[in-house]
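The values are calculated or read from the model by the stated rules, or taken from the named source; none is laboratory data. The shown structure was predicted, so the numbers you read here are calculated from the model rather than taken from an experiment. Cβ placement follows ideal geometry from the backbone for every residue including glycine, while neighbour counts extend to all protein chains displayed. The accessibility values were calculated without ligands, DNA or RNA, using every heavy atom of the protein model including side chains. Shrake-Rupley method; radii C 1.70, N 1.55, O 1.52, S 1.80 Å.
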Amino acid sequence: MIDVALPCLLLVDDDRLVLATLSRGLTALGWHVLCADSAEEARAQLMDGLRPDLALLDVRLPGDDGVTLARQLRDEHHVPFLMLSAYSDDATVAQAAGHGALGYLVKPLDPQQLAPMLRTALARAHEQAALQANNDQLQTALDTNREINVAIGIAMMQYRLPREAAFDLLRKAARSQRRKLAELAHEVVQGSEKLHAPAPSATA
């Protein structure tokens, strides 16, 4: 059973000696290590519900290569990753960086030197995730405010109301239906909800 208190690393390399050496060394240094010798085996572990905190992927694997697996980890499972290779040519490094790798490491690797690199990459991944979540919240708030403003404009034109009265109409409609203002505004903008303006007061 995985100890959730330990950071979990998915290590993918077709060299079993590399898997054994790094897994044993990193486990001793406080990591939980999941090992796979191919992209297919890594996917099988993910299908079983395992979600590593970080992945270290060999670029060259039998079958699907490490870059293909990296794209899937990034796009489908949102797992940050580093690339591992016996080669350090510029083209391979650029390819890894272009797919969002947090680092590019060249074999052979010593677990004592690798562990701080992994923890630094994990901290960076957490910072990026927090920044993305904050950006998503800001974008949602901007989109919501934009739709509310558009809905107010629709009410202003439809009922010939000043802005304050149009906003009040929208707010009262949301309250009467026990709905969020943003939800009602969205439907008004989409044209699926009609607001009902109050009847003009009778003059004496």
Ignoring ligands and nucleic acids, T27 exposes an accessible area, probe 1.4 Å, in Å² to the nearest 10, of 80 Å²
Only helices at least 27 Å long along their axis, Cα-based, and averaging -1.0 or more on Kyte-Doolittle count here, so list those DSSP H runs from the chain. 111-159
Segment 14-98, Rg to Rh (Cα coordinates; Rh as Kirkwood inverse mean 1/r): 0.94
Accessible-area order for D75, D58, D64, largest to smallest, probe 1.4 angstrom, reads D75, D64, D58
Using the heavy atoms of the protein chains and a 1.4 angstrom probe, tell me the accessible area per residue for the chain in square angstrom. 60 Å²
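With a 1.4 Å probe and every protein chain kept in, tell me what percent of the accessible surface of segment 1-82 is carbon plus sulfur.
Values: 2140 of 3930 Å².
The computed percentage sits at 54.
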For segment 1-144, with the dipole built from +1 on Lys and Arg beta-carbon atoms and -1 on Asp and Glu ones, taken about the Cα centre, which of A123, L11, A97 lies farthest toward the positive end? A123
How much space per residue, in cubic angstrom, does the convex hull of the C-alpha atoms of the chain take up? 182 Å³
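Pairs of alpha-carbon atoms within less than 8 angstrom and 6+ residues apart define the contacts here; what relative contact order does the chain have, in percent?
Numbers: 249 pairs, mean separation 27.3, N = 204.
Rounded, it is 13 percent for the chain.
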Given +1 on the Cβ of Lys and Arg, -1 on the Cβ of Asp and Glu, and no further charges, what dipole in debye does the chain carry about its Cα centre, rounded to the nearest 20? 1360 debye
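With viscosity set to 0.692 mPa s and temperature to 37 °C, compute the Stokes-Einstein D of segment 26-72, Rh being the Kirkwood radius across alpha carbon pairs; µm²/s, no decimals. Numbers along the way, then the final one.
Numbers: Rh = 11.4 Å.
Roughly 289 µm²/s, to the nearest whole number.
What order do H99, H186 take when sorted by accessible area (1.4 Å probe), most exposed first? Could the numbers behind the result be given before it?
Working: H99 40, H186 80 Å².
Ranked list, largest accessible area first: H186, H99.
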Segment 49-157: C-alpha pair distances exceeding 25 Å, %: 38 percent
Compare the peptides 30-43, 157-170 by average per-residue count of other Cβ atoms within 10 angstrom and give them in order, highest first. 30-43, 157-170
